[in-house]
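First up is the structure itself, then whatever we jot down about it.
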Amino acid sequence: MAISSEWLNITSNMHDEPRTINVNLCGTSPGNYAIDDVDPGARSHGAFFPDYIGDMTNGYAFIKAVFNITSIDTIKGIVNGKFSGTVRNMVGQTLEITDGRIVNGSLKAGVTRY
């Protein structure tokens, strides 16, 4: 399977919501993006922070997830979608995210090539 050289980097605003995400999705168009821990460097990957302002050291990596991106505006830097999945922290604790939503999420300016 060929890996895309174009990625979407999506971050949520910790000032609006202390539960934050930072994900890199391998592609540039609306659709479903899977995350798995088989080869996280070559495919979509990301992190979840349950309380970024209170304890930004307690980060969780997505080990299994699906991001359904419904709309992308690279000019305005806005992305919308839904996601669910499993995240794990450095001590092995896991959390299930069942109804995650990206509403007017921040998309880094343009599309970055790696």
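For the range 6-108, the square roots of the Cα gyration tensor eigenvalues, ordered a ≥ b ≥ c, give a/c of at least 1.5 with a/b no greater than b/c, which places it in the oblate category.
Compared with the direct C-alpha span, the chain from Ser71 to Asp51 gains 4.5 nm at full extension, assuming 0.36 nm per residue. Residues Thr28, Thr94, arranged from fewest to most other Cβ atoms within 10 angstrom of their Cβ, appear as Thr94, Thr28. Close amide H partners of Gly46, meaning residues 5 or more places away or on another chain with modelled amide H under 5 Å apart, are Asn24, Phe62.
Any read-out appearing in this document is the output of simple, stated calculations on the displayed coordinates, not a laboratory observation. Keep in mind it's a predicted model, so treat the numbers as computed, not measured. We place every Cβ from the backbone using ideal geometry, glycine too, and count neighbours over all the protein chains shown.
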